[in-house]
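*Asks:* Structure provided below as structure tokens; questions to follow.
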Amino acid sequence: MTEATGIVGEFLSLKEGTDADLLAMQCGDFYEFFAEDAEIVADELDLKVSQKSSHGSSYPMAGVPLDDLTPYLSALVERGYRVAVADQHETADGHAREITRVVTPGTHLETADDAAQYLAAVVRDDGGSGRAGDGTEATYGLAMADVTTGQFLVTERSGADATAAALTELYKFDPVEVLPGPDVRNDDDFLASVRERTDASLSLHEAEAFAPGRARHRLREQFGAETLESVGVADAEAAVRAAGAVVAYVDDTGAGVLASMTRLRSFDGGDHVDLDATTQRNLELTETMSGDREGSLFATVDHTVTSAGGRLLREWLQRPRRDRGEIRRRQSAVAALAEAAMARDRLRETLDDAYDLERLASRSASGSADARDLRAVAETLAVVATVRDIVAETDRLGESPLADIVDRPDHAAAADLADALAEAIVPDPPGTVTQGGLIRPGFDADLDEVIDAHEAALDWIEDLPEREKGRHGITHLSVDRNRTDGYYIQVGKSEVDQVPAVYDRIKTLKNSKRYTIPELEEKEREVLRLEERRHEMEWEIFERVRERVADEAALLQDCGRALATVDALASLAVHAVGNDWTRPEVHEGDALDIEAGRHPVVEQTTQFVPNDLAMDTDRQFLIVTGPNMSGKSTYMRQAALVTLLAQVGSFVPARSARVGLVDGIYTRVGALDELAQGRSTFMVEMQELSNILHSASEDSLVILDEVGRGTATYDGISIAWAATEYLHNEVRAKTLFATHYHELTTLADHLDRVYNVHVAADESDGEVTFLRTVRDGPTDRSYGIHVADLAGVPEPVVDRSRTVLEKLREEKAIEAKGGGSDDPVQTVFDVSSGEFRTGGDSTPAASGNSSPATSGEDSAATADGGAVDPESVLADEYGTDAPDVLDALAALDVTETPPVELMAKVQEWQSRLDEE
């Protein structure tokens, strides 16, 4: 293969030295991509591909203009590519190029997405067990950094459920890029779960960055020597390793935003309500089951007017608080905003003019902020002062926690910075920092002097045409400038004979000629010198001003957080007022009392029927029965969402509500096959149930919408029954359990804290009306056939279903139509055995696959008329292990066996029988 030389060779050499997916190399006024990179970029961005010859070979080439690189980079990064950027700089021998930064999904600043853009690192410490991921001694360290805002969070998760807890945190934060540590990057199951639960790109960073000593040193350099101790993570080695790797990665990629990362914060699961990935999906907190934003809880309550406010509100919904003091402060602020309508409207109008200060701080720290960004900082700092004044001037707001929120930033420092920016930057600066005209007159005397001289020189050139016309009597004379000829005098073709001898011709055109004169050449040199000096001085002054803004990153983050908090609280107030929501009483007890509760999303699109809910220590477990499509799921989810909203600090959709603090909300609401991961519907259901039984506590809220429906009837009833007992006796969590297994309703007669409620329906003249009203007591009807009729199932099937159901209830024989025989076969369903039996017979009805030797009366005796040995029959039919399995089943005490252990035994028995 012929090696490339020249520009292509330089490109390939630089590309070989980076682990980025793509390389953009500056070549003059363009960034170029060559070889395979050019083809990839052209395909992704619809660019034209040309060919570049090098050393006898031809290479694909695609490029974008120098000033247009950012949107192309954004498009590539959003598609998951890591793009290295090689910039060109002048040298004594001409110019050289070197990679100055690597833009990745987690280090890209120029995002148009208002949502947080987290870069995450995950480290696992297996405690020296050498059993990666066995869950017995594992500790996970997680670090989440949003380079666009400077937010930096760390935590650890440990114990038997550490893997699930770590994955839940990743789901909550939804990072755009994940750095797996050395102990994680070879764990295929964990990485598959990360890909399944997030849209993050997985990037490998050098293993040395995760080393404990190096990571600790990095963090102390970045955040201060005593920071690890002050935030409580000095002994959290896994968290320190993850955080240090993030700092190293941001530094190594050249994002230039370390200056905006001023604070390290730790967070503990004990500070917030535990919401695992399944619960967030089932409750549709930020997106619906189908992945849409519209129809989610966030979309419903989001009335924010700033991008930072929307990000914060989303964070609140995903991480409700367990601190009653903080919850009440938010409630009081929402109440004040709800009552002070005019002040609330003024605040929202004012906030609408605010820019995203947290992201502007990061852009300033990275050196990518332009003059318009700095003006945006100044204008938004003025908004901070106005918001504070509105709160202070309104008695209802001034007496609320809002006063403390808006007082937290250093307003004197913010005012000084805003004044400095207003004095330095022109009100309407150009779009790029290279155009000049950035600095306001009067800000720098030396710059003003250069500008005056420059403008005087330009005035001289502007007046030159009139002077020359008057001096030489030439009417078609003008002065202009271009890159090729510089400044020139242009004379029309009809008057070229009148030009004086001092005119030096430099170009002949079709209808005119161009000239220059010594005075113009001298003035041109002066203009160029002054232009260069002016641009240099303006750039130096602009950089000093931008560096001052970068130095105040912490101040901007404080101000931005205050504005975002006011915006998020105002959004909750707007929704509460517009939808007749009420302030809930949040207490430390167990009671959950909701009067006339509603589902916050469903009520937006339908005439909603409110329902009450009463749960406490004595009424801990509700079995919810009722027809299909009657509203059981909605009733249970609204209970979970009212609880969640209360612990967010929001008002809730109810006439009144008393909500006892919960430590977690766990749901199992339907399931889908995940065949690509080797998990059927029933396996997913059982894994979700297992997680709840392991994770929930007596302070949790559990929502179960059907358990055991994905297997045989008696298996399902048994699991549901055992799970109910376990939740009631061992976990003791507040639980709502919707089921069509009406046998479970009898548990209310035997378990002290189990009660029945049902969704009522009215049936008359064969017509069923769902009342959507929840009443005490059980029901024994599900009206599934009625729902089948509503769904459009063919009428013959519906009619036949009614006939079969009626005979099953009356334990009458059923004629199996179309069985291949002229005579109908009559069968009866034996409830005690769960089998169909032939009419008038005590033996099970033969299946289509039964052989004569095992069907009907002949199965009771051997061929020679002797008695049959039952164990022999079992062994012949199910294998030699069958009698042992039957003995083990008979010896098992279902009431004393935990559900998870019970499922394990069933799987073991099935495996033994399947092997035969």
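The values are calculated or read from the model by the stated rules, or taken from the named source; none is laboratory data. Everything quoted here is computed from the prediction, not taken from an experiment. Glycine also receives a Cβ, built like all others from the backbone with ideal geometry; neighbour counts cover every protein chain displayed. Heads up: the accessible areas ignore ligands, DNA and RNA and are worked out on the full protein's heavy atoms, side chains in. Shrake-Rupley method; radii C 1.70, N 1.55, O 1.52, S 1.80 Å.
*Asks:* What is the range 508-570 by shape, rounded, prolate or oblate, if you read a ≥ b ≥ c off the alpha carbon gyration tensor as root eigenvalues and call it rounded for a/c under 1.5, prolate for a/b larger than b/c, and oblate otherwise?
*Replies:* oblate
*Asks:* Which lysines does LYS493 reach when only Cα atoms under 19 Å apart count, and residues fewer than 8 places away in its own chain are ignored?
*Replies:* Of all the lysines, those that pass the test against LYS493 - Cα under 19 Å, at least 8 places apart if same chain - are LYS469, LYS507, LYS510, LYS513.
*Asks:* Which peptide among 498-510, 726-738 comes first, and what is the full order, when sorted by highest mean count of other Cβ atoms within 10 Å?
*Replies:* 726-738, 498-510
*Asks:* Are there any GluC sites (Glu not before Pro) in the range 542-620 that are in a DSSP loop and have at most 12 other Cβ atoms within 10 Å? List them by number.
*Replies:* Passing sites in the range 542-620 are GLU588.
*Asks:* Moving on to the next point. Quick check: the angle from helix 237-252's long axis to the longest principal axis of the chain, C-alpha only, nearest 10 degrees?
*Replies:* 30 degrees
*Asks:* Mind checking which lysines have their Cα closer than 19 Å to the Cα of LYS15? Skip sequence neighbours fewer than 8 apart in that chain.
*Replies:* List returned: LYS52.
*Asks:* May I ask for the angle, rounded to the nearest 10°, between helix 632-648 and the longest principal axis of the chain, with both axes built from Cα atoms and the value confined to 0 to 90°?
*Replies:* That helix lies at roughly 50 degrees to the long axis.
*Asks:* Return the FRET efficiency for the residue pair ARG293, ALA392: r is the Cβ-Cβ distance, R0 is 41 Å, and the value is rounded to the nearest 0.05.
*Replies:* Taking R0 as 41 Å, the efficiency between ARG293 and ALA392 is 0.70.
*Asks:* Using only helices, what value at 222 nm comes out for the chain when you add -39,500 (n - 2.57) per DSSP H run of length 4 or more and divide by the total residues, to the nearest 500 deg cm²/dmol?
*Replies:* That calculation yields -13500 deg cm²/dmol at 222 nm.
*Asks:* Listed highest first by mean packing, meaning other Cβ atoms within 10 Å per residue, what order do 86-98, 402-414, 346-358, 37-49 come in?
*Replies:* Packing proxy ranking, top to bottom: 346-358, 402-414, 37-49, 86-98.
*Asks:* Related question: Just add up the charged neighbours of ALA596: K/R +1, D/E -1, any other residue whose Cβ is under 12 Å from the Cβ of ALA596.
*Replies:* -3
*Asks:* Just for the range 615-735, what percent of DSSP beta bridges are antiparallel, to the closest 5?
*Replies:* Just about 10 percent of them are antiparallel.
*Asks:* To check you understand DSSP bridge types, tell me what percent of the beta bridges within the chain (both residues inside) are antiparallel, rounded to 5.
*Replies:* Percentage antiparallel, nearest 5: 70.
*Asks:* Please say if the range 533-597 is rounded, prolate or oblate, where rounded means a/c under 1.5 for a ≥ b ≥ c the square roots of the C-alpha gyration tensor eigenvalues, and otherwise the choice is prolate for a/b larger than b/c and oblate otherwise?
*Replies:* The shape class here is prolate.
*Asks:* May I ask you to derive the FRET efficiency for SER911 and THR713 from their Cβ-Cβ distance with R0 = 30 Å, giving the value to the nearest 0.05?
*Replies:* With a Förster radius of 30 Å, E is 0.85.
*Asks:* Once the convex hull of the C-alpha atoms of the chain is built, how many Å³ does it hold per residue, rounded to a whole number?
*Replies:* For the chain, the hull spanned by Cα atoms encloses 286 Å³ per residue.
*Asks:* Specify which residue in the list THR605, HIS535, PRO71 is farthest towards the positive end of the charge dipole of the chain, using unit charges on the beta carbon of Lys, Arg (+1) and Asp, Glu (-1), about the Cα centre.
*Replies:* Among THR605, HIS535, PRO71, the one farthest towards the positive end of the dipole of the chain is HIS535.
*Asks:* Need the C-alpha centroid separation for the range 241-272 versus the range 579-615, integer Å.
*Replies:* Here the answer is 39 Å between Cα centres.
*Asks:* Further, regarding this structure: Roughly how many Å² is the accessible area per residue of the chain, as a whole number, for a 1.4 Å probe?
*Replies:* I get 47 Å² per residue for this part.
*Asks:* Next question. Can you give the charge dipole size of the chain about its Cα centre, rounded to the nearest 20 debye, using +1 on the beta carbon of Lys and Arg and -1 on the beta carbon of Asp and Glu?
*Replies:* Here the size comes out at about 2340 debye.
*Asks:* Output the relative contact order of the chain, whole-number percent, from Cα pairs under 8 angstrom with separation of 6+ residues.
*Replies:* Computed over the chain, the figure is 8 percent.
*Asks:* If a/c stays under 1.5 just call it rounded; otherwise compare a/b with b/c (prolate if a/b is bigger, oblate if not). Do that for the range 1-80, with a ≥ b ≥ c from the square roots of the Cα gyration tensor eigenvalues.
*Replies:* The shape class here is prolate.
*Asks:* Something else: Taking Cα atoms, how many degrees apart are the long axis of helix 882-891 and the longest axis of the chain, rounded to 10 and kept between 0 and 90?
*Replies:* Value to nearest ten degrees: 90.
*Asks:* While we're on this one: When the chain is fully extended, how far beyond the present Cα-Cα distance does GLN435 get from GLU521, taking 0.36 nm per residue of separation?
*Replies:* Fully extending the segment from GLN435 to GLU521 adds 28.6 nm.
*Asks:* Peptides 572-579, 636-643: what's the order by average Cβ count within 10 Å, highest mean first?
*Replies:* The most tightly packed comes first, giving 636-643, 572-579.
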